[in-house]
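What follows draws every value from the coordinates through simple rules; no lab data is involved. Here the structure is a predicted model, which is why all the values come from computation and not from measurement. Note: ideal-geometry Cβ built from the backbone for every residue, glycine included; neighbour counts use all protein chains shown.
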Amino acid sequence: MSFDVDVLVTGAGACGLSAAIAAHDSGVSVAIVEKRDRPGGNSSLSTGSVPAANSRFQREAGLVDSPEKMLADLMGIAKETDDLALVQRMAEVSAETVEWLVDTVGAKIVLITAYKHIGHSIQRLHAPVSRRGQDLVNDFLAAIEKREIPLAVGNAVEDLIVENGVVLGAKVNAGEGVFEIRARKTILAVNGFAADPALVKQYCPEIAGARYFGAQGSHGEAVRWGLKIGAALANMGAYQGYAAVAYPHGSLLSWTTIEKGGLLVGADAKRFGDESLGYSGFARVVLEQGEYAFAVFDKKIFDVAAQEEEFMELVRYGGVKKADDIAALAAMFDLDGAELARQVEAFNRSARGETKDAFGRSNFGLGALEGPFYGCRVVPGLFHTQGGLRVDGNARVLRQDGTPIPGLFAGGGAAAGISGKAGALGYASGNGLLTAVALGRLAGLTAASEIARAAA
């Protein structure tokens, strides 16, 4: 049997690029096809943050962490999962994954010590200084170019080639008809299904009404291809939301503004929940309360968020308003000034420990809010789904009976994630990129290893 390439990677986000580099560096031939006109997918839209436990960068910073602690953190918010072994595996390989990113890929990422973010009890996020996922993608692309790995954009996979239960490549359409790329191993690194309203309604109904802000290629192909050949699915009800997408700008309002002690109110100028649920878990709450919400924070919080390039870009484009007092801030957003003042004062009393918060919030970051004040109009968004094809610890796609489908691997949005069984409360910062990079790398390594064993 003849093959066009040893390993075919479908999708050129962080998962696919990781898989291609790992496979290439293991001595096999690799090609990448991407259906969109540019690489990156959801990875480009992210903050580029990858969590890792006991990385050398943490140790250099004097931080004591472990995979066991990370697993406890992840399951502490996820509560339930269809695949505990996958969560454990991701925690165990997280440190070697970020070190591989720096040492082998050449990614310019650093340990973020200014904050922990949702789901982590210790600073373990590793990200570009800019907090832009596109910068991480650019580092990947430089590594791909250096290795001369073929990457063809505008080439959409329409189906898998399956013979006698073995996946042997894919049927690809570059706009001039369908052709086949036959491969010994195929790695699905396409996005999830968040851009497909029917699949979102079927599997994640609680967020079905939210606007989608992720990559436009997230149409659920991997789920459909997998079901057709008997693959198992896992954690299909889980997703990542974002409670504060700046409107109408469409960029993320840094959750640092809320985590460090800011609050959210509705069009009636009243708070409506415990913001410390996190940017993902709180998205559903924002969706339920009305069309828009408004973030309110102060100068000391602004100064922390100002370390992030994307936040300052939003400021420069006028997405964040500044006022000396609450009444003036309320007027900028056509809110009831007296009501907003009452809400902020009640919030401040709780922040000072004088009263219990009406919604149960206990962490108020930098404390009571003081003028000058800042505000931003926001809407909730759906960014990506966290369920998908069930895989083993080496990213091999599994059948319903738990056995691997020969020749097929998956990671990133195509595979089941580690953010719990359902809903958005189980999403910890960086979960999506961790499974993208770690499973992509493991898929590439395992695919190459299987090819080598077969040739021996």
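What to note about this one:
- Packing-based order for 199-210, 123-134, 377-388, using average beta carbon neighbours within 10 Å, highest first: 377-388, 123-134, 199-210
- D by Stokes-Einstein for region 20-109, Kirkwood Rh over Cα pairs, 20 °C, 1.002 mPa s: 139 µm²/s.
- Net +/- balance of residues flanking Lys322 in space, Cβ distance below 12 Å, scoring K and R +1, D and E -1: -1
- Separation of the Ala152 and Asp401 label points, Cα + 7 Å toward Cβ, nm: 3.6
- Viscosity 1.567 mPa s, 4 °C: Kirkwood-radius Stokes-Einstein D of the chain over Cα pairs, µm²/s: 58
- The chain: calculated mean residue ellipticity at 222 nm from DSSP helix runs of at least 4, using -39500 (n - 2.57): -10000 deg cm²/dmol
- Distance from region 148-227 to region 34-48 (C-alpha centre basis), Å: 14
- Of the residues Ala85, Leu160, Ala424, the one whose Cα sits farthest towards the positive end of the charge dipole of the chain is Ala85 (charges of +1 on Lys and Arg Cβ, -1 on Asp and Glu Cβ, taken about the Cα centre).
- In a DSSP loop and with at most 13 other Cβ atoms within 10 Å, the trypsin sites (Lys or Arg not before Pro) in region 337-371 are Arg352, Lys356.
- For region 29-182, the Kirkwood radius over C-alpha pairs fed into Stokes-Einstein at 10 °C and 1.306 mPa s yields D = 89 µm² per second.
- Across the alpha-carbon atoms of region 260-368, the computed radius of gyration and Dmax are 13.6, 38 angstrom.
- Neighbourhood charge, 10 Å Cβ-Cβ cut-off, centred on Ile418 and excluding it, Lys, Arg +1 and Asp, Glu -1: 0
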